[in-house]
Amino acid sequence: MTLTERVEQALDTIRPYLETDGGNVSIEEITADNVVRLKLLGACASCSMSIMTFKAGLEQAIKKAVPEIVAVEAINITDMNDPDATTPNQL
């Protein structure tokens, strides 16, 4: 199985929970240095809990299933404690 297929398989363990709330996630890129870049879709992109979902759910599922992944990044959420944070509808 390719690296992408293994990451997708890990995401598939979380997707039913995201879909229940009207969201989903897609892999935008896996870099040469094994960093996964994800995009949160639907309700997940604007949910106030998206950072928690990302850290506790998506990132942990990927790192557990695919140990060679060194980092997981979300390209469309920001830390709401960041003074420069924006919500998706402000972009």
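The values are calculated or read from the model by the stated rules, or taken from the named source; none is laboratory data. What you see is a predicted model; the values in this text were computed from it and never measured. Note that each Cβ is placed from the backbone with ideal geometry, even for glycine, and that neighbours are counted across all protein chains shown.
Checking each residue in segment 29-42 for being out of contact with any Ser or Thr (no Cβ under 9 Å at 6 or more places or on another chain) and under 19 Å from Y17 (Cα atoms) picks out only G42. Kindly provide the set of residues from segment 47-76 that are assigned to a loop (DSSP other than H, G, I, E, B) and either at pLDDT 95 or above or not hydrophobic (A, V, I, L, M, F, W, C) (or both), ordered by number. Once the filter is applied, which keeps residues that are assigned to a loop (DSSP other than H, G, I, E, B) and either at pLDDT 95 or above or not hydrophobic (A, V, I, L, M, F, W, C) (or both), segment 47-76 yields S48, V66, P67, E68, I69, V70, N76. The set of residues in segment 16-56 that are free of Cβ contacts under 8 Å to residues at least 12 places away in the same chain and farther than 18 Å from L3 by Cα comprises P16, E19, T20, M49, M52, K55, A56.
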